[in-house]
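Here's the structure, in C-alpha cells; my notes come after.
The values are calculated or read from the model by the stated rules, or taken from the named source; none is laboratory data. A quick note: this is a predicted structure, and the numbers were derived from the prediction, not measured. So basically every Cβ, Gly included, is an ideal-geometry build from the backbone, and we count neighbours across all protein chains shown. All accessible areas refer to the heavy atoms of the entire protein, side chains included, with ligands and DNA or RNA removed. Shrake-Rupley method; radii C 1.70, N 1.55, O 1.52, S 1.80 Å.
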Amino acid sequence: MHRIEVEAEVDLLAENKRLAEENRKFFRENGILAVNIMGAIGSGKTLLIEKTIERLNDLKVGAILGDVVCKADYERVSKLGIKAEAINTGKECHLDAHLVHHKIRKFEDVDILLIENVGNLICPVDFDLGEDLRVVMVSVTEGDDVVEKHPKIFTIADVVIINKLKLAEFVGANVEKMKRDVERLNSRVKLILMDLKEGIGLEEWIEYLRGEYVSRNSG
C-alpha cells in the first residue's frame with residue numbers, strides 16, 4: 001500500500017486582492033464612491049449609515065449590510081427607500097472582495113455605496129473590498145484602550161470616528177487618550193469626534209464624504 005500525499009494551497013489573500021481590483025475598477029468606471037465602514041458591535045455603524053442617507057438626500061446612496069445574520073440591519077436601512085442588499089456571512093467574521101463582488105452590479109447607478117462590515121476590529125483588516133475609503137468607528141463605551149488594543153485596523157484607516165462622546169464621563173473614558181492613540185498610529189487619518197444621538201460631528205462627516213465624492217468625480 002502506497003501513501004500518497006497531495007499538498008494543495010490556495011492563496012486566498014491573493015485571490016481576494018484580484019477581486020478587490022475588479023471591484024475597484026467597477027466603482028471607478030461608474031463614478032461610485034465606495035466606503036467600507038468597520039467597527040465593533042454597538043459602535044454605531046448602522047445608525048451612521050441611516051443618518052448619512054438622510055443627510056445626503058441630493059445624492060443617490062446605496063448600502064450593503066454585512067453581518068453573520070444581517071436581517072435586522074437590512075430592514076432598518078431598506079426602510080429609508082434606498083437600494084440595499086444584505087450579506088449574511090454565516091461563520092465568517094468579515095466581508096471579503098468575493099462576497100461584495102456578487103452584489104455590486106446592482107449598484108451601478110448609485111453615487112455613494114456604504115458597506116457595513118461585520119462587527120469586530122480584527123477580522124476585516126486583511127481583506128480589501130476594492131473600496132475608496134476605509135472608515136473605522138469606535139465608541140467610548142468600548143473603553144479608552146480600544147485603540148491601543150487593536151492597532152492594525154487604525155493604521156489602514158482613512159477615517160476614524162470616535163462615537164458616543166456624551167457617554168465618556170459616565171463610563172470613565174478618556175477621549176483625549178483615544179485621540180492620541182489614533183494619531184500616534186496614523187498621522188494622516190481624518191479623525192472625527194461624534195455623538196450621533198446628539199448630532200455632534202455628523203455635519204463634519206457629511207461634508208467630508210461629500211467632498212470626497214466631488215473630488216473623485218470632478219475630472
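Structure values in brief
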{"item": "Extension gain, Leu47 back to Tyr208 (0.36 nm per residue minus Cα-Cα distance, nm)", "result": "56.2 nm"}
{"item": "Solvent exposure, largest accessible area first (probe 1.4 Å, DNA, RNA and ligands not counted), of Ser43, Ser215, Ser78", "result": "Ser215, Ser78, Ser43"}
{"item": "In Å², nearest 10: area of Glu21 left accessible to a 1.4 Å probe", "result": "90 Å²"}
{"item": "Heavy-atom accessible surface of the chain: percent carbon and sulfur, 1.4 Å", "result": "49 percent"}
{"item": "Order of exposure, largest accessible area first, which applies to Tyr74, Tyr213 with probe 1.4 Å", "result": "Tyr74, Tyr213"}
{"item": "Relative contact order for region 14-214, counting Cα pairs under 8 Å that sit 6 or more residues apart, in percent", "result": "25 percent"}
{"item": "Label point distance in nm, Lys106-Glu169, each placed 7 Å from Cα along Cα→Cβ", "result": "4.5 nm"}
{"item": "Anchor Lys106: lysines whose Cα lies under 28 Å away (excluding residues fewer than 8 positions away in-chain)", "result": "Lys17, Lys25, Lys45, Lys51, Lys60, Lys71, Lys79, Lys83, Lys91"}
{"item": "Within region 144-167, backbone nitrogen closer than 11 Å to the virtual label 7 Å beyond the Cα of Lys197 toward Cβ", "result": "164-167"}
{"item": "Enclosed volume per residue, in Å³, of the convex hull spanned by Cα atoms of the chain", "result": "153 Å³"}
{"item": "In Hz, Karplus ³J(HN,Hα) per residue of region 19-27 (6.51, -1.76, 1.60; θ = phi - 60°; x = Gly, Pro)", "result": "5, 4, 5, 5, 4, 4, 4, 4, 4"}
{"item": "Low-density loop positions, trypsin sites (Lys or Arg not before Pro), region 187-219 - DSSP coil, at most 16 other Cβ in 10 Å", "result": "Arg188, Lys197"}
{"item": "Sequence ranges 106-113, 130-137, 175-182, ranked by mean other-Cβ count within 10 angstrom, highest first", "result": "130-137, 106-113, 175-182"}
{"item": "Accessible surface, region 116-219, averaged per residue in Å² (probe 1.4 Å)", "result": "46 Å²"}
{"item": "Mean residue ellipticity (222 nm) of the chain, computed from DSSP H runs ≥ 4 via -39,500 (n - 2.57), nearest 500", "result": "-10500 deg cm²/dmol"}
{"item": "Rounded, prolate or oblate (a/c below 1.5 giving rounded, otherwise prolate when a/b exceeds b/c) for region 117-219 by Cα gyration tensor", "result": "oblate"}
{"item": "Note, ³J(HN,Hα) from phi for region 46-53, Karplus 6.51, -1.76, 1.60, rounded to Hz, x at Gly and Pro", "result": "5, 5, 4, 4, 4, 5, 5, 4"}
{"item": "Region 177-198-region 42-59 distance, computed between alpha-carbon centres (Å)", "result": "19 Å"}
